[in-house]
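Note sheet for the following structure.
The values are calculated or read from the model by the stated rules, or taken from the named source; none is laboratory data. Remember, predicted model here, so these are calculated numbers, not experimental data. Neighbour counts are summed over all protein chains in view; Cβ atoms, including those assigned to glycine, are modelled from backbone coordinates with ideal geometry.
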Amino acid sequence: MKKTILSALICSSFFIVNSTSSFGADQQNDTSKDIAAIQKTIVLQQQKISDIQSSNEKLLSALEKQGADYKVESKERLEQLSKLKIALEDVNTKLDNTNQSIYALENKTKVSEQNLKKDVDSLSAVTAERTSDLDNKLTNNSLLGLLGLLGLLGILGGVYWYLRKQHNQENAGLVNKVQSALEGVKKAEENIVQSDAQLITQLHEVLAQVKLEHTHLAEAAAITASTYLVSDSEDNIDHGLAIKLADEIHRMRRRIAALPEDTKGLKSLSKSLERLENELEDNGYEVIDYLGIDYTENMSVQARIIPSDDMEEERSLITKVIYPQINYKEKLIRMADVEVSVG
């Protein structure tokens, strides 16, 4: 296109020069001035084209650098998410072990109570038997019988006190272990919230890069339009950063829904995530979550059909969203990936 314009201008200038040969000396002077003006215009056009090429090269270099930086940051985020997943699995394992310990201690406590009851019943039977014998001998040895009875009662009381103390100590140890396990789980949930808060801060930075990329593309489109190279800037936008940002927001929303409502920092995290979603919408992106929606064959989604005995007959329900649908300015840029339970 650029070479065609220059060729046309040069041909026009030669045509004008040849045409002036039939005019007089005064007209030739005017023509020479016109030719000089045309040549000056050509030089200016060449300079503008050179400046535009230089600007495009700089913009391309900046976009490539941003892409490389984003790949590095994406790798770091994936590593952080992997570490969090490992930590959560470790917490779940410890919680399962704690539950097994609690169950074993409960069984041991029941056995101890049963043994204690048997010992008390046995001692009661012995006491009753000896009391009966003492009653028979009271007439001859009442004082000795009374002292023996008191001693026996003292022994029974001591045995009962000792067994009761052991039982209370075991219960106290059990309560402490349960409390420690619950505190560990709560701490793990708070750590997840803190990690998600840090991740939201990083996602804000990614969103800022998306805004900057759109701004650069808009500026490039404006420069190109001014030199008759008109293109559709929206079709040239790379939505990769925005799509990954939307996927991370979707996964974080699922994690928040799984945490208890009284988790420390959960409300603040939810508000931060809501602000991030609003900023993404302000940039023209819309995230559509089909979870819990009845599935129909004309829906624009990638569906994995899973038979389910829990579903009503002939009903199809979207029970899991692997990737949500993403629109940019009401135009589909990424189809949703879902699992459909069919009755």
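Considering the range 312-343, the residues that are of a type in the set (D, E, K, R) and in a strand (DSSP E or B) include one that is farthest from the chain's Cα centre (by Cα), namely LYS331. Only a single criterion out of (1) in the same structural domain as GLN80 (by TED's automatic domain parsing); (2) modelled with pLDDT of 90 or more; (3) part of a loop (DSSP other than H, G, I, E, B); (4) of a type in the set (Gly, Ala, Ser) is not satisfied by GLY292, namely (1). Given the condition within 30 Å of LEU149 (Cβ to Cβ), assigned by TED's automatic domain parsing to the domain that holds GLU170 and either modelled with pLDDT under 85 or not in a helix (DSSP H, G or I) (or both), answer yes or no: does some residue in the range 99-113 qualify? Looking through the range 99-113, at least one residue is within 30 Å of LEU149 (Cβ to Cβ), assigned by TED's automatic domain parsing to the domain that holds GLU170 and either modelled with pLDDT under 85 or not in a helix (DSSP H, G or I) (or both). Scanning the range 295-311 for residues that are among the charged types (D, E, K, R) and assigned to a strand (DSSP E or B) yields a count of 1. The set of residues from the range 65-112 being more than 27 Å from the chain's Cα centre (by Cα) and not polar (S, T, N, Q) comprises ILE102, TYR103, ALA104, LEU105, GLU106, LYS108, LYS110, VAL111. Restricting attention to the range 29-76, the residues being free of Cβ contacts under 8 Å to residues at least 40 places away in the same chain and among the hydrophobic types (A, V, I, L, M, F, W, C) number 10.
Exactly one of these conditions fails for LYS271: (1) part of a helix (DSSP H, G or I); (2) surrounded by 15 or more Cβ atoms within 10 Å (Cβ to Cβ). Give me its number. Unmet for LYS271, out of (1) part of a helix (DSSP H, G or I); (2) surrounded by 15 or more Cβ atoms within 10 Å (Cβ to Cβ): (2).
Mind checking whether some residue in the range 230-241 is assigned to a helix (DSSP H, G or I), surrounded by fewer than 17 Cβ atoms within 10 Å (Cβ to Cβ), at pLDDT 80 or above and not β-branched (Val, Ile, Thr)? Looking for residues that are assigned to a helix (DSSP H, G or I), surrounded by fewer than 17 Cβ atoms within 10 Å (Cβ to Cβ), at pLDDT 80 or above and not β-branched (Val, Ile, Thr), one finds at least one in the range 230-241, hence yes.
Between SER74, SER55, the distinction of being farther than 24 Å from GLN169 by Cα, in the same structural domain as ILE237 (by TED's automatic domain parsing), in contact with a helix residue (DSSP H, G or I) (Cβ under 8 Å, 6 or more places away or on another chain) and in a helix (DSSP H, G or I) belongs to SER74 only. When we screen ASP309, ASP282, ASP289 for residues that are surrounded by fewer than 18 Cβ atoms within 10 Å (Cβ to Cβ) and over 24 Å from the mean Cα position of the chain (by Cα), the only hit is ASP309. Part of a helix (DSSP H, G or I), outside the structural domain of HIS239 (by TED's automatic domain parsing) and at pLDDT 85 or above: is that true of ILE86 in this structure? Taking the combined requirement at face value, the residue does not satisfy it.
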